[in-house]
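The block underneath contains the structure these notes are about, expressed in structure tokens.
The values are calculated or read from the model by the stated rules, or taken from the named source; none is laboratory data. All values derive from a computational prediction rather than experimental measurement. In this analysis, Cβ positions are derived from the backbone assuming ideal geometry, glycine residues included, and neighbour counts consider all displayed protein chains.
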Amino acid sequence: MAGAALATAVLTGCSVDPAGDERTPGTGQNAIETNAWETMLLGWGSGPGQVGLRKAATELPAEGPSAVAVGAAGQLLVLDRLNERVLSIAPNGQVHTAGAVPRDAEHLAAADDGAFAAWSPLRATVWLSGRDGASLGDVLVPRVLRDVQRIGLESSHRVMAITSMQETLALGSPRAPLELADTLRSRREGAAFLADGRGVAARRTEGGGGEILVYRAATNDDSKPPVSWRYSIAAPVTAVRVVGAAGSILCARIERVTQDTALFVEREALCLQADSGQVVARHQMGRPGLYAPHQDAAAGRGVLAIIRPEAGGLRIDRLPLTTTSTTTRLPAMDPGQRPASDTMQPPALAPARPPALAPAERPALAPAQPPALAPARPPALAPARGTEVAQ
């Protein structure tokens, strides 16, 4: 078993410990000099340190790990659904099983005390586990909330539901679940929240670009808080969504789909310092892999995490979020898989001066056509009809 694990579970800068279900920094050809790792590859399989994969078949897409989350101590949690478990990857590269989950779980969230939660949209249930992997109970997601996209986990094991409208609703905890009316009253604007309580959202613009919004701190009334800051993203943007926040840093996932002679999908993770717009991290996620995980990016507790299913295993990128800008690119791919032009350069994103960019694009689009259409015909028709009636 140890030999099989070593053959199929490849780590960049780490190696498999044959003695058990852990990986430690290696000393071989691919070893790194420090305990901090940035990229690793978990091989496909069901053994120690591996993750499950169901290969694509006729009319059946491939399936594998579906979510990643950042744990309390900066460790990464990977939802290995086919093996019905959650793997925990420490900052030094050690991997162990954090707990068991049902096979139909699709999304993952982590709390500050080491607990984590897995959500099954099929069963509308969130299962919670403690730091030691023991079950903490479950929370039901009201089925009337049809637009829930992912979950969050806050203090006292309170489960949060984040909707497609980028609103966050409290569902309660296993010991204190909330009634539907209380859940609806708990609504907050934002798909993630900064340390000062301000909500963060993202959207496409009418001009085909995108923007990241930061709302002012919520008040006691039910009105939507005004936007206090925005960051513009140059077109074309097919989709943009918030993947998390850490302190005063917010992170979003940007997707661009273009077509010339072929259809290309470009994806990028972008992390910014709120208010200043300083780019903290920019990570080119590459084209989609063997399948599309439900939650392929997560940010929190000073870390940005990315997962990508590749032929050799699940690639995991871990980026520390600091105030020093960093740029991370995927290694060169085979020319048959990715053309030389398939890249996302920083100029495609608006630099960190949103106030100068935001007003420049939309005013040129909005008032262009109506004045040319309105006064054209009525003056010419009215006199003609009146004269005929008079005669």
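Taking segment 275-309 as the range and being touching a Cys at 6+ places or on another chain (Cβ under 6 Å) and more than 17 Å from G71 (Cβ to Cβ) as the test, the residues that pass are V280, A281. Residues satisfying the criterion are present in segment 254-265 (criterion: among the acidic types (D, E) and under 15 Å from the mean Cα position of the chain (by Cα)). Every test in (1) more than 16 Å from the chain's Cα centre (by Cα); (2) farther than 16 Å from A111 by Cα; (3) surrounded by 17 or more Cβ atoms within 10 Å (Cβ to Cβ) is passed by A170 save one, and that test is (2). Of all residues in segment 152-176, those satisfying the criterion of being over 17 Å from P225 (Cβ atoms), in contact with a helix residue (DSSP H, G or I) (Cβ under 9 Å, 6 or more places away or on another chain) and hydrophobic (A, V, I, L, M, F, W, C) are A161, A170, L171, A176. Would you say V214 is closer than 24 Å to V280 by Cβ, β-branched (V, I, T) and touching a Ser or Thr at 6+ places or on another chain (Cβ under 9 Å)? Yes, satisfied. Residues that are surrounded by fewer than 19 Cβ atoms within 10 Å (Cβ to Cβ) and among the aliphatic types (A, V, I, L, M) were ranked within segment 218-234; the one that is farthest from R146 (Cα to Cα) is A234. Among the residues of segment 235-258, is there at least one that is polar (S, T, N, Q) and either surrounded by 14 or more Cβ atoms within 10 Å (Cβ to Cβ) or under 23 Å from E167 (Cα atoms) (or both)? For segment 235-258, residues polar (S, T, N, Q) and either surrounded by 14 or more Cβ atoms within 10 Å (Cβ to Cβ) or under 23 Å from E167 (Cα atoms) (or both): present. Screening segment 56-79 for residues that are without any contact (Cβ under 8 Å) to a residue 24 or more places away in the chain and either touching a Pro at 6+ places or on another chain (Cβ under 8 Å) or not acidic (D, E) (or both) and picking the one that is surrounded by the fewest Cβ atoms within 10 Å (Cβ to Cβ) gives T58. For segment 174-217, the set of residues classified as under 21 Å from L145 (Cβ atoms), more than 21 Å from the chain's Cα centre (by Cα) and touching a residue at least 40 places away in the same chain (Cβ under 8 Å) consists of P174, T183, listed by residue number. Which residue, of G99, G133, is surrounded by fewer than 21 Cβ atoms within 10 Å (Cβ to Cβ), assigned by TED's automatic domain parsing to the domain that holds G47 and of a type outside the set (A, V, I, L, M)? Answer to the selection: G133. Of all residues in segment 275-315, how many are more than 25 Å from D80 (Cα to Cα) and in contact with a Gly (Cβ under 9 Å, 6 or more places away or on another chain)? Looking only at that region, the number is 0.
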